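Step one of this worksheet: look at the structure below.
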Amino acid sequence: MENPEFLKQKYNNLHNSSEVKSATFRRQKRTGEKVPQDPTAQIQNYLDRLELILDPEHKKKRISMGDKEGTERPRSLYILRKMIMDKYVRPNKEKLAEGAAMVEERAARQMGIDMHYGAEQLAQRGEVAVKDLESSLDQWISYLSDLNEPYPMWFRYYAFRNILDLGEYDKDKQEFPNRTAGTNRLFPDIDRGALARIQDIIECAKDPSILERFRSAQKATQTPEDQLLTKEKAKAFSKLSFAKQYAESIQEAGEITPEMRAETKGKWIKYSQDSDPTALWASLQNKGTAWCTKGFATAETQLKGGDFYVYYTLDKQGEPKIPRIAIRMQEGSISEARGVADSQQNLEGNMTEIAEAKMSELPGKEKYQKISADMKQMTVIYEKSFKEDRKTKEKTYLNPALSMDELVFLYEINNSIEGFGYQKDPRIAELRAQRNLQVDLPIIFECTAEQIAYKKEDLQENIKAYIGEWTPEVLKLIPESVTHIYEKFPDKKVFLRTLETDPTIQSADKAEKAILTKGYKISSYAKDILEKTPFSKEIKKYELVSFSVSQLGFQNGAKLRDIYKKAQELGLELCPAEVGAHLRLQYEDQPNGEYLTIAMNALAGRGGGLKLFNVYRDDGKSWLGNDFDKPGLGWGGDFRFVFLRRKIS
């Protein structure tokens, strides 16, 4: 349900804002239709414009948002993210550094340590503070721009507009402090259940039928009469600031105690598709979950999409009442599985086998077999690494010797560790922070510590691994003995591979069929340029390497012709167009969020401009896509191109 009327009441002059006026202008220019002058119509048109930016039909070019998770979103959203960061985070770096330094120096003095930041240390501290803030804001951008989440556009706008002005939750005061320029407080954490509650009550304030259904659901949970939601309460709540709404909703969440978490006995309950959401909704209230299904409207939306399974463990009375695992079905297949380990809905270690056993009975289980296996292995390594005091709950790190296979898994050398939550399993970072990388690397790379180079000056014939600066100059210095190359370990592995063409793929039709048969996707424009791609009749070998535009020497980006000219001066060559299709077919282990543009002679296609292939992986799906090169278009420093390292053999 869209709700422009609520936004109009909340922000009296929103319809006259520059962003709403700009959306009106764009709509009229694009369609030739006039948008009514009525404020609610103007705001609704703006919300429609925001939805277009999120690209629900997946038509627009996807690029990495720049967050640490490598989230892929339309380029227009990437630009919006940059504008937000430039306004709310980066201009305040000096104040952020000073604030953080003041807190840390005070804490050090209280411990009897004389600590003082110099100019260089302050600059470094500012960079760290900016990255921390960007990371906390990126979670909101990623979450609220994901159209798989059940929120209507008006609520996405409302939530995001407000969290920009808030700091992280103060548990002592039970409130969200307002942000000031230069504050080093992180942005609030995402509590999906609290957000769903806010949406519920605001919609109850507007629609009597929704209010009545909500009250009926409350009565089903034996809510006392004086605590039932009324029209007056709903309207009063909707008039509160978002900060107060969010704080109140978080306080309503309840909690799962350590004793409850230790319990594994329980029962699965199935809520059938299109059934009344009351029972599901009621079972989650005040139980400490962060699931957005705690919202009545969300529970209803999710049940329209498919069945919903919840595993409840026993409470103090021996009744299966504590929700620990949720499995949501969509179109007859498992869509997601969530737990209650943290606010990111990761699964608890003692719930993994229970979830796996249930999912093995359901359609779509294949997608989650790797996740279950990863979580099992993660739990084994974690329990081997930490000992917890039962009384104090304090953990002691045991510094265990891990095998090569365990280290390859932990550092995600061959595959990413997949979990059930929205973000990476936090145990990965916790374990890596405790490990001694200098001890682990020789085991992983099967060499001595002296055979690992960290600077280009250290590259010699006996070197087995290199971790450091990556440029075309370094490429020329890499000896053949090096088998492992990273810009940063383990997150940035250098793309350097030999591609051998498949001689059975000699036409666009065969290439397209092969790509689709593997379950990969092709953009409509990529299909156009595939038709114009010449394919080799015999086997060809291509030595491929990737560099970003900034690594070629263009820190602020450059035009395509200048990028190509510089690359060729550095000994690199353009790829034949067929590299795009063959690379897509063979790059099965492409990291999620990686986006590579093929450096090739651009081909003309519909829609104007010249087009190049790109190969990327977004939200677990592999694509053969396309990039545009139009007159005057520049390529940012972060764009990565794939070049030929050597001539075709």
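The values are calculated or read from the model by the stated rules, or taken from the named source; none is laboratory data. The structure presented is a predicted model; accordingly, all values stated were derived computationally and were not measured. Neighbour counts run over all protein chains shown; Cβ positions are idealised from the backbone, glycine included. Surface areas here come from the heavy atoms of the whole protein model, side chains and all, with no ligands, DNA or RNA. Shrake-Rupley method; radii C 1.70, N 1.55, O 1.52, S 1.80 Å.
Going through region 395-409 one residue at a time, which ones are open to solvent by less than 80 Å² (accessible area, probe 1.4 Å), under 15 Å from Q434 (Cα atoms) and not in a helix (DSSP H, G or I)?
Of everything in region 395-409, those that are open to solvent by less than 80 Å² (accessible area, probe 1.4 Å), under 15 Å from Q434 (Cα atoms) and not in a helix (DSSP H, G or I) turn out to be Y397, P400, L402.
Suppose the filter is in contact (Cβ under 8 Å) with a residue 24 or more places away in the chain, open to solvent by less than 10 Å² (accessible area, probe 1.4 Å) and not basic (K, R); does A337 pass it?
Here the answer is yes, as A337 does meet what is asked.
Looking for whichever is under 18 Å from Y382 (Cα atoms), open to solvent by less than 30 Å² (accessible area, probe 1.4 Å) and among the hydrophobic types (A, V, I, L, M, F, W, C) here; the options are L431, L437, L441. Which one fits?
Working: L437 fails: open to solvent by less than 30 Å² (accessible area, probe 1.4 Å); L441 fails: under 18 Å from Y382 (Cα atoms).
On inspection, the qualifying residue turns out to be L431.
Does E457 satisfy the condition of being among the acidic types (D, E) and open to solvent by 60 Å² or more (accessible area, probe 1.4 Å)?
Against the criterion (among the acidic types (D, E) and open to solvent by 60 Å² or more (accessible area, probe 1.4 Å)), E457 qualifies.
Taking into account only those residues within region 489-539 that are touching a Leu at 6+ places or on another chain (Cβ under 7 Å) and open to solvent by 80 Å² or more (accessible area, probe 1.4 Å), which is nearest to V439 (Cα to Cα)?
K518
Check G571, G553 and return the single one that is surrounded by fewer than 18 Cβ atoms within 10 Å (Cβ to Cβ), at positive phi and in contact (Cβ under 8 Å) with a residue 60 or more places away in the chain. First the steps, then the outcome.
Values: G553 fails: in contact (Cβ under 8 Å) with a residue 60 or more places away in the chain.
The match here is G571.
So if I check each of K367, K384, K391, which one is open to solvent by 20 Å² or more (accessible area, probe 1.4 Å), out of contact with any helix residue (DSSP H, G or I) (no Cβ under 8 Å at 6 or more places or on another chain), under 25 Å from K270 (Cβ atoms) and not hydrophobic (A, V, I, L, M, F, W, C)? I'd like the intermediate steps shown before the answer.
Numbers: K384 fails: under 25 Å from K270 (Cβ atoms); K391 fails: under 25 Å from K270 (Cβ atoms).
The unique qualifying residue is K367.
Would you mind stating whether K358 is over 21 Å from the mean Cα position of the chain (by Cα), open to solvent by 80 Å² or more (accessible area, probe 1.4 Å) and of a type in the set (D, E, K, R)?
no
Taking the conditions exactly as written (modelled with pLDDT of 90 or more, aliphatic (A, V, I, L, M) and over 26 Å from the mean Cα position of the chain (by Cα)), does M404 satisfy them or not?
Considered against the rule, which asks whether it is modelled with pLDDT of 90 or more, aliphatic (A, V, I, L, M) and over 26 Å from the mean Cα position of the chain (by Cα), M404 comes out as yes.
Provide a single number: the residues in region 354-394 that are closer than 30 Å to Y309 by Cα, in contact (Cβ under 8 Å) with a residue 24 or more places away in the chain and not in a loop (DSSP other than H, G, I, E, B).
Residues meeting the conditions: 17.
Read through the list (1) open to solvent by 70 Å² or more (accessible area, probe 1.4 Å); (2) at pLDDT 55 or above; (3) not aliphatic (A, V, I, L, M), then give the number of the only condition that S142 fails.
(1)
From the list R197, R185, exactly one residue is modelled with pLDDT of 90 or more and either open to solvent by less than 60 Å² (accessible area, probe 1.4 Å) or farther than 22 Å from L50 by Cβ (or both). Which is it?
On the way: R185 fails: modelled with pLDDT of 90 or more.
Among R197, R185, only R197 is modelled with pLDDT of 90 or more and either open to solvent by less than 60 Å² (accessible area, probe 1.4 Å) or farther than 22 Å from L50 by Cβ (or both).
Within the set of pairs 6 or more residues apart or between chains, which connect a residue that is more than 11 Å from K8 (Cβ to Cβ) inside region 34-47 to a residue that is hydroxyl-bearing (S, T, Y) with Cβ atoms less than 7 Å apart?
From region 34-47, the pairs are V35/T24; N45/T24; L47/Y157.
Is it the case that N346 is open to solvent by 70 Å² or more (accessible area, probe 1.4 Å), under 26 Å from the mean Cα position of the chain (by Cα) and in contact (Cβ under 8 Å) with a residue 24 or more places away in the chain?
no
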